[in-house]
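**Student:** One structure follows; several queries about it will come next.
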Amino acid sequence: MLQKRFFIQLSYNGTAYSGWQIQKNSPNTVQQVVNEMLSRLLNEPITVTGCGRTDTGVHAREYFAHFDTSREDLIENEGHWILKFNHALPKDIAIQRIIKVDEKANARYNAVKRTYEYIITKRKNPFEIDKAYFLYGKLDVEMMNKAAALLFAHSDFSAFAKSNTQNKTNICTLYKAEWVEREDVIVFTISANRFLRDMVRAIVGTTLEVGRGRMSLERFQEIINSKTRSEAGLSAPACGLYLIKIEYKEGSFL
């Protein structure tokens, strides 16, 4: 039967999951849950391909995935199917849209820009457990922004990339890297065409060392130049990281 391709837009709280991507040693991933739900409700084997991978405990406010199905009524009855899908999904995963796309459209490879936020709370809040990183003590946000500005002179982010990955290149094009402080929250926003595994959390963790006064801007620059992960700071906890926006080539959606 003729297969048609669809994108789904979804969001998830990643606290209970071992990231997005299916792993041999962990059946508890967002991709696995979505695969099983779609396969059961559409009554055929479904495998979704995501726009990227998020690590254990990382959240997504906006995430896209594509899949192929012989069902033809997903768009005509979108509201019905979204309600049905969400009823079958656990409470920490939600689908917002179903989008018909060209048969060659790819949720991962057609994405041209990705944006993450990292949220730090300065006040202990029991309702923010696993949703933000509580960090006690004063941070120099101005110095952290000066450190972030140094990133724009570079495209090789090996110093902030997880070791022993299968990346063909550690080259990324950075569009934004900015810290903003508002009341009890400090938010880091970073946009790029692609991200390496652990890259955002490593950048945040290293920049926080600057903000605490434990690392100079000169040392931060040396770390970037070193292209060595062991030179950089520890990765910030996963709980504060959110994938918030995916942008696609014009014409990707029908």
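**Student:** Any idea which residue in segment 147-182 is surrounded by the most Cβ atoms within 10 Å (Cβ to Cβ), counting only those that are part of a loop (DSSP other than H, G, I, E, B) and either free of Cβ contacts under 8 Å to residues at least 12 places away in the same chain or of a type in the set (Ser, Thr, Tyr) (or both)? First the steps, then the outcome.
**Tutor:** Initially, segment 147-182 is screened for residues part of a loop (DSSP other than H, G, I, E, B), giving 154-155, 157, 161-170, 172-173.
Those still in the list that are either free of Cβ contacts under 8 Å to residues at least 12 places away in the same chain or of a type in the set (Ser, Thr, Tyr) (or both) too: 155, 163-166, 168-169, 173.
Details: Ser155: 13, Ser163: 10, Asn164: 6, Thr165: 11, Gln166: 5, Lys168: 6, Thr169: 10, Thr173: 11.
Per the criteria, the residue is Ser155.
**Student:** With the requirement that a residue be surrounded by fewer than 20 Cβ atoms within 10 Å (Cβ to Cβ), in contact with a helix residue (DSSP H, G or I) (Cβ under 9 Å, 6 or more places away or on another chain) and not in a loop (DSSP other than H, G, I, E, B), what does segment 210-228 give you?
**Tutor:** Residues satisfying the conditions are Leu217, Arg219, Gln221, Glu222, Asn225, Ser226.
**Student:** With respect to Tyr116, is the statement that it is in the same structural domain as Pro237 (by TED's automatic domain parsing), closer than 20 Å to Val30 by Cα and within 16 Å of the chain's Cα centre (by Cα) true? If you could, list the steps in order and put the result at the bottom.
**Tutor:** On the way: in the same structural domain as Pro237 (by TED's automatic domain parsing): yes; closer than 20 Å to Val30 by Cα: yes; within 16 Å of the chain's Cα centre (by Cα): yes.
Criteria met by Tyr116.
**Student:** Something else now. Which one of the conditions (1) in contact (Cβ under 8 Å) with a residue 40 or more places away in the chain; (2) crowded, with 19+ Cβ neighbours inside 10 Å; (3) among the hydroxyl-bearing types (Ser, Thr, Tyr); (4) under 24 Å from Ser18 (Cβ atoms) does Ser235 fail to meet, given that it meets all the rest?
**Tutor:** So the condition that Ser235 fails would be (1).
**Student:** Hey, can you tell me all the residues within segment 5-40 that are in contact (Cβ under 8 Å) with a residue 60 or more places away in the chain, touching a Leu at 6+ places or on another chain (Cβ under 8 Å) and under 22 Å from Asp102 (Cα atoms)?
**Tutor:** Listed by number, the list holds a single entry, Phe6.
**Student:** Could you please let me know if Arg194 is surrounded by fewer than 20 Cβ atoms within 10 Å (Cβ to Cβ), out of contact with any Gly (no Cβ under 7 Å at 6 or more places or on another chain), in the same structural domain as Lys124 (by TED's automatic domain parsing) and among the charged types (D, E, K, R)?
**Tutor:** On the way: surrounded by fewer than 20 Cβ atoms within 10 Å (Cβ to Cβ): yes; out of contact with any Gly (no Cβ under 7 Å at 6 or more places or on another chain): yes; in the same structural domain as Lys124 (by TED's automatic domain parsing): yes; among the charged types (D, E, K, R): yes.
So Arg194 fits the description; yes.
**Student:** I'm trying to understand the selection: among the residues of segment 21-79, which are surrounded by 14 or more Cβ atoms within 10 Å (Cβ to Cβ) and of a type in the set (Gly, Ala, Ser)?
**Tutor:** Scanning segment 21-79 gives Ser39, Gly50, Gly52, Gly57, Ala60, Ala65.
The values are calculated or read from the model by the stated rules, or taken from the named source; none is laboratory data. Treat the numbers as computed from the prediction; the structure is a model and nothing was measured. All Cβ positions, glycine included, derive from the backbone under ideal geometry; neighbour counts span all protein chains shown.
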